[in-house]
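Asks: Dropping a structure here in structure tokens format, bear with me for questions.
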Amino acid sequence: MMHGKIVGTGSFLPEKILSNDELKLIVDTSDEWITRRTGIKERRIASKDREESTTDLAVGASLKALEMADMSASQLDMLIVGTVTPDSQFPSAGCMIQSRIGATNAAAFDLSAGCSGFLYALTMADNAIRAGNAENILVLGVERLSGIVNWQDRSTCVLLGDGAGAVMISSSNNGRGIMSTHLQSDGTLGNLLYSSYESSLLPESLDCIELKPFQLKMDGNKLFKKAVGCLTDIASRALKKNNLSSSDISVVIPHQANLRIIMAMAENLGIPMDKVFTNLARYGNTSSASIPIALDEANHAGVLKDGDLVLMASFGAGLTWGAAVIEWGS
């Protein structure tokens, strides 16, 4: 049976680095407070003065993934974008990226599932390949969260960053590739993480940010507890589906939201942290972009070896959560 296999990865980050020490000049916080509570040391911030729109970031990641896969954009059958911060309500980010990279034969669209957007998009891609509707699909997670942050709220503005990640998925029947994906949501808990139609006041040092007319709202304490439980549950379900134990997993690439959440999930699953790949110290929470950015970095760093079993898990607004198990390699 045909299934999806990752044949290329790419990521693209804005140039501007915003450190914890710089943040303490904006809100009442400190490097020690942020690091202890989140594990984050710095994040990237997109600038309206550079070519760093949501579409720009996604195009950069897309071209790198296509290059690694040794494919042209004209070979794409589909382009799926996980994002909650497109440049416009319509046309979609997918269509804008399609135009820029020349994916003339692809169907392109966006998918909104908060921080779980990439795994939701990956599932759609794998299902399309299994159904025989596509052979080559570009899957992206991209966010420009700096434009929806309340820069006066230290509980949220310290968490978020901008960036894009992409994977090239092609059909395969050789056993390697996406083994299974698992998705879930609970709309009754949407009030724990949502957007509200109001704008933030920008500090002078961040006047490079292009603000959106809405703002992120979060109930951090309740969300933390829910995230740990949901991530543990859906990751366990993914292992069970594939008759795997925690010891079979070579690498875990989780959503990069908070180091304490990641550590709690790993402990619940019985997976040592030396098997968990993290980069949130440098990028913060980039929402749907976090897993594909981390996947690309792990790939380029040689962390992912041929035959490795890779577990990915995410949790986000909706509430949504998801997991996937992949056998890495050609």
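A short reminder: the numbers here are calculations on the coordinates, not readings from a lab. Because the structure is predicted, anything quoted here is derived from the model rather than measured. Please note: Cβ atoms are built from the backbone with ideal geometry, for glycine as well, and neighbour counts cover all protein chains shown.
Asks: From Cα pairs below 8 angstrom and at least 6 apart in sequence, can you work out the relative contact order of the range 25-111, rounded to a whole percent?
Replies: Relative contact order of the range 25-111: 28 percent.
Asks: Which of rounded, prolate or oblate describes the chain when judged by the alpha-carbon gyration tensor and an a/c cut-off of 1.5?
Replies: Here the chain falls in the oblate category.
Asks: Length gain on complete extension for the stretch His300 to Arg50, per 0.36 nm per residue less the alpha carbon to alpha carbon distance?
Replies: 87.4 nm
Asks: Please give the contour-minus-distance gain from Glu210 to Asp248: 0.36 nm per residue of separation, less the Cα-Cα distance, rounded to one decimal in nm.
Replies: Fully extending the segment from Glu210 to Asp248 adds 9.2 nm.
Asks: Using a Förster radius of 35 Å, what is the FRET efficiency between Lys240 and Asn191 based on their Cβ-Cβ separation? Nearest 0.05, please.
Replies: That pair, Lys240 with Asn191, gives E of 0.70.
Asks: Now for a separate question. State, as an integer percentage, the relative contact order of the chain based on alpha-carbon contacts under 8 Å between residues 6 or more apart.
Replies: Relative contact order, the chain: 25 percent.
Asks: Moving on to the next point. Sorting check: for 147-153, 133-139, 238-244, 160-166, which peptide has the highest mean count of neighbouring beta carbons within 10 Å, and how do the rest follow?
Replies: Ranked from most to least packed, the peptides come out as 160-166, 133-139, 147-153, 238-244.
Asks: Could you pull out every residue, at least 5 positions away or on a different chain, whose amide H is within less than 5 Å of the one on Thr85? Hs are placed 1.01 Å off N in the peptide plane, and Pro or chain starts have none.
Replies: HN-HN under 5 Å from Thr85: Arg144.
Asks: Right, here's the next one. When a/c is below 1.5 the answer is rounded, else prolate if a/b is larger than b/c, else oblate, so apply that to the range 134-211 with a ≥ b ≥ c taken from the square roots of the Cα gyration tensor eigenvalues.
Replies: prolate
Asks: A further question on this structure: Does the range 80-215 come out rounded, prolate or oblate, given a ≥ b ≥ c as the square roots of the eigenvalues of its C-alpha gyration tensor, rounded meaning a/c under 1.5 and, failing that, prolate meaning a/b above b/c?
Replies: Prolate shape, in that a/c is at least 1.5 and a/b is the bigger ratio.
Asks: Here's a follow-up. Taking only Cα atoms and a 10 Å spring cutoff, compute GNM fluctuations for the chain and point out the largest among Ala264, Ala317, Ala65.
Replies: Comparing Ala264, Ala317, Ala65 in the GNM, the peak value goes to Ala264.
Asks: Taking neighbour Cβ counts within 10 Å as the exposure measure, how do Lys24, Lys5 sort from fewest upward?
Replies: So the residues, fewest neighbours to most, are Lys24, Lys5.
Asks: Percentage of Cα-Cα pair distances in the range 135-293 greater than 24 Å, rounded to whole percent?
Replies: Value for the range 135-293 (Cα pairs over 24 Å): 44 percent.
Asks: While we're here: Would you grab the residues whose amide H sits under 5 Å from the one on Gly318? Only those 5+ places off in sequence or on another chain, please, with H modelled 1.01 Å from N.
Replies: So Gly318 has HN proximity to Leu193.
Asks: With n ≥ 4 as the cut-off for DSSP H runs, can you work out [θ] at 222 nm for the chain, using -39500 (n - 2.57) per run divided by the number of residues, rounded to the nearest 500?
Replies: The per-residue figure over the chain is -9500 deg cm²/dmol.
Asks: Next question. Would you mind ranking Asp296, Asp308, Asp274 by Cβ crowding within 10 Å, fewest neighbours first?
Replies: Listing Asp296, Asp308, Asp274 from fewest to most nearby Cβ atoms yields Asp274, Asp308, Asp296.
Asks: Related question: Using modelled amide H (1.01 Å from N, peptide plane; none on Pro or chain starts), what sits under 5 Å from the amide H of Asn242, excluding residues fewer than 5 places away?
Replies: Excluding prolines and chain starts, which carry no amide H, there are no hits.
Asks: Mind checking the range 37-104 for GluC sites (Glu not before Pro) that DSSP puts in a loop (not H, G, I, E or B) and that have at most 14 other Cβ atoms within 10 Å?
Replies: The qualifying sites are Glu51.
Asks: In which sequence would Arg154, Arg36, Arg130 go, from the one with the fewest C-beta neighbours within 10 Å to the one with the most?
Replies: Neighbour counts put them in this order, fewest first: Arg36, Arg130, Arg154.
Asks: Within the chain, which DSSP H helices have Cα atoms that stretch 24 Å or more along the helix axis and a mean Kyte-Doolittle hydropathy of at least 1.0?
Replies: Qualifying helices: none.
Asks: Cα to Cα, under 26 Å, and not fewer than 8 places away if on the same chain: which lysines meet these conditions relative to Lys305?
Replies: Of all the lysines, those that pass the test against Lys305 - Cα under 26 Å, at least 8 places apart if same chain - are Lys5, Lys64, Lys240, Lys241, Lys275.
Asks: Please figure out what share of the DSSP beta bridges in the chain is antiparallel and state it in percent, rounded to the nearest 5.
Replies: For the chain, the DSSP antiparallel bridge percentage is about 70.
Asks: Then there's this: From the backbone phi of the range 202-210, what are the Karplus-calculated ³J(HN,Hα) couplings (6.51 cos²θ - 1.76 cosθ + 1.60, θ = phi - 60°) in whole Hz, Gly and Pro given as x?
Replies: Ordered by residue, 3J(HN,Hα) equals 7, x, 4, 5, 10, 6, 6, 7, 9 Hz.
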